[in-house]
Each structure stands twice: as C-alpha cells, then as structure tokens.
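The values are calculated or read from the model by the stated rules, or taken from the named source; none is laboratory data. Quick caveat, the model's predicted, so the values are computed rather than measured. All Cβ positions, even for glycine, are placed from backbone atoms using ideal geometry, and neighbour counts span all protein chains on display. All accessible areas refer to the heavy atoms of the entire protein, side chains included, with ligands and DNA or RNA removed. Shrake-Rupley method; radii C 1.70, N 1.55, O 1.52, S 1.80 Å.
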There are 2 protein chains.
Amino acid sequence: MAPELHPDVAHLSFLLGTWKGEGRGEYPTIDDFTYIEESTYGHVGKPFLTYSQKTRSADGVPMHAEVGYVRPAGTSGVELILAHPSGIAEIQAGTLEGQRIRLHTTSVGLAPTAKDVRSLTRSIDVADGHMHYIIELAAVGQDLQFHLEATLHHEA
Amino acid sequence: MAPELHPDVAHLSFLLGTWKGEGRGEYPTIDDFTYIEESTYGHVGKPFLTYSQKTRSADGVPMHAEVGYVRPAGTSGVELILAHPSGIAEIQAGTLEGQRIRLHTTSVGLAPTAKDVRSLTRSIDVADGHMHYIIELAAVGQDLQFHLEATLHHEA
C-alpha cells in the first residue's frame, strides 16, 4: 500500500509522477544537442520527494542522468539535493510560488575526476500537465549561461 | 536488452545486484537502533555504477535512504557521489583493493535546513556473497566515530 503523502510536502504534490518529453542543450565548449527525457518524482511518506532523471539520444543511447531529493523549506522554499554520475554532488536552494520553482546552486562538490562545474540555476514551471525547465550552467571556465531547456508532459 | 558493462567499471562488477540484510547504528546524540537494508548497484553501459539504498525499521517504517553513483578513478581508486534526503550532497573518494573499498568524505554540501554533518568514512568489504560495511560519522559537533555497521547478502 502506498504511504500517505507527508503534509510538509503537500504543496509540492504537483511534481509527483513521471514526466516525459524532449529537450535541447547548448554550451560554448560543445556542439548543440537534443535529448529525450524521463523524470520521476515520488515519495515514501516522509517530508521529502524522491527525484530521478534520465536522458537519452533519439537513437536510445543514455546521455545524462541525475538522482536525488526535493526538500521543502517551509511553504515557500525548496531545496534540491542532487548526485550526478559526472562526479558532481550539488545542493540547490530557492523559492516556490504556486507551481513555479526558482533554484540556484548553494554548494557544488566535485569528485577528483569530475569536470570543473561552478554553479547552475534551475527554473521549473508546471502548468496544464506540462513541465518546462531551463538550466543555466557555469563550468569549465565559462560564465553562467543558458545550457538546457525541455518541455515534459505528465505521464502518470 | 541490458547494455554491456563498460570496461572501465569491470573491476567493480562485484558490487552489481541487490544486497539485503540488517544493520545497527549508534551515536552519542541518539539512541542505539537497528535497521533492515536493501541496496542496489546497477549500470547503464556507461563508465559508472548506479547506487540506491533504503533502510527501514523491523516494523517496516522507512528510515534512511541515499542515492547516487560509483565512479572508478583508474583501477585502484573509487569515487562515490551521494545525495541524502536529509539535505546532504556528498563526495567520497578512496581506494579499491580487490573487493575492499575504503572511502572518506572529500566534500559535503549541506542544504540550508540540513543538520551539521562534517565528514564520513565508509569501509566496504565483499566476500563469499556477503557485503559488510562500517560507516564513521562526524556531525552535530561530535568527532569522527563509529556510526553504522551492516552485513548484507547478495540477492540477485
């Protein structure tokens, strides 16, 4: 039996479920690219949401992935705790207004073999069963700038 | 069809699969406790392993969880990239000798609402289908000291 949603994350319930769609990316140091994404937000009855994301190319090759947790900071604050397989452990914090989330990096941990990532911002907007996000990135000596954008639809 | 294991993580294949068992914990600031654990290491054909862990009490209540990735650093180094729902994003790095892993925190990121965790060590030994680990913890003003120990058996 599925546990009941913890009341501390009731206002984040608009994120719950599986989201699928397509995105695109660009950065001065790499070629432009597109990707297919599947993201899932779940819960276990405790005051956080689970989060996992996977992207792949049009021909099915795994690209990026990330996993972690979404934590409420009261009713208008949000924290994102993320592990990236590229060797990055990241804390993001920010604000929630309705179904609009604005986050920025407050801490980046880099594994000894990881690329030099300085900070990210993440803007997530949910409306009418669709999620749109934009991610900005400061890495490998480049200033903070647009990196990723995707539109996902709610699957389940 | 399952992808082929990436050759860069072939020497970590002894971790792959699901591990189940029981553990115990103690710390000066809390009561001693026991837990039931399930951990899974997987892969997607890329040069890292996926990792997820969940513990629960004897009566089935979710306790700790963590998710992340295991990265090789050559053939004798290992990195662990972890997100904890308690608001901690952690990098661990260390050594691999045979099926013996010794890791220590190289970076801890704390969410604004997280408890004050300074560092951890993690010793993992696998032999004869069993995994034994010990975790030391420095947190909430306490010195680095024994915190958790579990023995898991390989399920699949």
* To do: Bin all alpha-carbon pair distances of chain B at 5 Å intervals from 0 and give each bin's fraction as a whole percent.
  => 2, 9, 17, 23, 22, 15, 8, 3, 1, 0
* **Cβ-vector label at 7 Å, B:Gly129, separations to other copies in nm** => 4.9
* Keeping all protein chains in position, work out how much accessible area B:Ile135 exposes to a 1.4 Å probe, and write it in Å² to the nearest 10. => 10
* Grab every C-alpha pair in the protein assembly as shown, bin the distances at 20 angstrom width from 0 up to the longest one, and report whole percents. => 32, 61, 8
* Structure fact -> Of B:Leu80, B:Leu15, B:Leu110, the most mobile residue in a GNM of chain B (C-alpha springs, cutoff 10 Å) is B:Leu110
* Asked: In the structure displayed, which of B:Lys54/B:Lys115; A:Lys54/A:Lys115; A:Lys20/B:Lys20 lie more than 24 Å apart, Cα to Cα?
  -> A:Lys20/B:Lys20
* Asked: Between B:Ala127 and A:Ala58, how many nm apart are label points set 7 Å from Cα along the C-beta direction?
  -> 5.4
* Can you list the residues of the range A:102-130 with backbone N under 18 Å from a point 7 Å past the Cα of A:Ala73, pointing along Cα to Cβ? -> A:102-109, A:119-124
* **Label 7 Å beyond Cα on the Cβ vector: B:Leu144 copy-to-copy distances, nm** => 3.3
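For chain B, the longest stretch holding no GluC sites (Glu not before Pro) located in a DSSP loop with at most 14 other Cβ atoms within 10 Å is which? Can you show the working numbers first?
Values: sites that count: B:Glu4, B:Glu155.
In short, B:5-154.
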* To do: Determine the gain in length on full extension of the stretch B:Arg100-B:Ser119; use 0.36 nm per residue of separation and subtract their C-alpha separation, reporting nm with one decimal.
  => 4.8 nm
* List the aspartates and glutamates whose Cα lies under 19 Å from the Cα of A:Lys46, skipping any in the same chain that are fewer than 8 positions away. => A:Glu4, A:Asp8, A:Glu79, B:Glu37, B:Glu38, B:Asp59, B:Glu66
* chain B: relative contact order as a whole-number percent, Cα under 8 Å and 6+ apart -> 19
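I'm checking a number: the convex hull volume of the Cα atoms of the range A:53-135, normalised per residue, in Å³. What is it?
On the way: hull volume 8.6 nm³, N = 83.
Cα convex hull per residue, to the nearest whole number: 103 Å³.
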* Search the structure for amide H atoms under 5 Å from the amide H of B:His64, placed 1.01 Å from N in the peptide plane, and list their residues when 5 or more places away or on another chain. => B:Thr55
* Structure fact -> With B:Ala138 itself left out, Lys, Arg at +1 and Asp, Glu at -1 over residues whose Cβ is under 10 Å from its Cβ give -2
* Asked: Where the only charges are on Cβ atoms (+1 Lys, Arg; -1 Asp, Glu), what is the dipole of chain B about its Cα centre, to the nearest 20 debye?
  -> 380
* Based on Cβ point charges of +1 for Lys and Arg and -1 for Asp and Glu, what charge dipole magnitude is obtained for the protein assembly as shown about its Cα centre, in debye rounded to the nearest 20? -> 180
* Structure fact -> Net charge near A:Leu82 (other residues with Cβ under 13 Å of its Cβ; Lys, Arg +1; Asp, Glu -1) is -3
* Just going by the charge dipole of chain B, with Lys and Arg at +1 and Asp and Glu at -1 on Cβ, which of B:Ala111, B:Ala138, B:Gly60 is farthest out on the positive end? -> B:Ala111
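Can you give the local net charge around B:Thr151? Use residues other than it whose beta-carbon is closer than 11 angstrom to its beta-carbon, Lys and Arg +1, Asp and Glu -1.
-2
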* Label 7 Å beyond Cα on the Cβ vector: A:Gly98 copy-to-copy distances, nm -> 6.2
* Gap separating the Cα centres of the range A:5-67 and the range B:69-83, nearest whole Å -> 23
